[in-house]
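Input: a single structure, listed below in structure tokens.
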Amino acid sequence: MGSPKARPGAAAEPFWRSKSLEAMTPAEWESLCDGCGRCCLIKLEDEDTGEVHHTDIGCTLLDGVGCRCRDYARRQKRVPDCVRLTPEAVRSIPWLPPTCAYRLVRDGQPLFPWHPLVSGRAASVHEAGISVRGRLAGNEEEFLEEEYPERIVDWPGLRPEEE
């Protein structure tokens, strides 16, 4: 017997399983973001160990309900230290949440069932309790920098089953 052939009309492999991060179109790349907002939390780095700690404080542009940037197109002009995700950045950033689709694709892992590309619904990330919705203490302008260490939380760095 020969090798099996794809059935006519059979669904093609989803782009996130068949393409490298570098091969994705801009629209595919953007659609990988699940809208959780975890990467937009203020992070603190321990100067001695290099360990990164997430806080429950959002970037000044993070919408705590929609869990998206309020000015995505101009975010780097408005927030100079905003990190633009690129394939190169995804390969080197240690603090991407374990639920992050960019990280999962990078590591050859499947997307979670609640990811909008899998579920077909943008709200599924919120319904699954993955997003920052309802978990933010506020945005960075609402806190003094000295207060940031008091706002360190573990959940942004955990997988759902670990929370």
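The values are calculated or read from the model by the stated rules, or taken from the named source; none is laboratory data. Bear in mind the structure is a predicted one, so any value in this text is a computation, not a measurement. With ideal geometry, Cβ positions are generated from the backbone for all residues, glycine too; neighbour counts draw on all protein chains shown.
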Exercise for the section: Collect the residues in the range 118-149 that are within 15 Å of K43 (Cβ to Cβ) and surrounded by fewer than 12 Cβ atoms within 10 Å (Cβ to Cβ), keeping them in residue-number order. Expected result: E145, P149
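Select from the range 62-82 the residues that are among the hydrophobic types (A, V, I, L, M, F, W, C) and without any contact (Cβ under 8 Å) to a residue 40 or more places away in the chain and write down the one among them that is surrounded by the most Cβ atoms within 10 Å (Cβ to Cβ). Can you show your working first?
So in the range 62-82, the residues among the hydrophobic types (A, V, I, L, M, F, W, C) come out as 62, 65, 67, 69, 73, 79, 82.
Pick out the ones that are also without any contact (Cβ under 8 Å) to a residue 40 or more places away in the chain and you get 69, 73, 79, 82.
Working: C69: 20, A73: 8, V79: 17, C82: 16.
Within the range 62-82, the match that is surrounded by the most Cβ atoms within 10 Å (Cβ to Cβ) is C69.
Condition check ((1) under 17 Å from R135 (Cα atoms); (2) among the polar types (S, T, N, Q); (3) in a helix (DSSP H, G or I); (4) touching a Phe, Trp or Tyr at 6+ places or on another chain (Cβ under 6 Å)) across all residues:
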{"position": "R17", "(1), (2), (3), (4)": "no, no, yes, no"}
{"position": "E22", "(1), (2), (3), (4)": "no, no, yes, no"}
{"position": "C67", "(1), (2), (3), (4)": "yes, no, no, no"}
{"position": "R75", "(1), (2), (3), (4)": "no, no, yes, no"}
{"position": "P80", "(1), (2), (3), (4)": "no, no, no, no"}
{"position": "E88", "(1), (2), (3), (4)": "no, no, yes, no"}
Exercise for the section: Please indicate, with yes or no, whether at least one residue in the range 16-37 is in contact (Cβ under 8 Å) with a residue 40 or more places away in the chain and of a type in the set (F, W, Y). Expected result: yes
Exercise for the section: Run down E13, E51 and say which single residue is of a type outside the set (A, V, I, L, M), over 17 Å from the mean Cα position of the chain (by Cα), at pLDDT below 95 and loosely packed, with under 11 Cβ neighbours inside 10 Å. Expected result: E13
Handout entry: Of residues in the range 24-48 being surrounded by fewer than 20 Cβ atoms within 10 Å (Cβ to Cβ) and either farther than 30 Å from E13 by Cβ or of a type in the set (S, T, N, Q) (or both), the one farthest from the chain's Cα centre (by Cα)
Key = D48
Problem - Breaking point among (1) loosely packed, with under 13 Cβ neighbours inside 10 Å; (2) out of contact with any Asp or Glu (no Cβ under 9 Å at 6 or more places or on another chain); (3) modelled with pLDDT under 95, for I93 - result: (1)
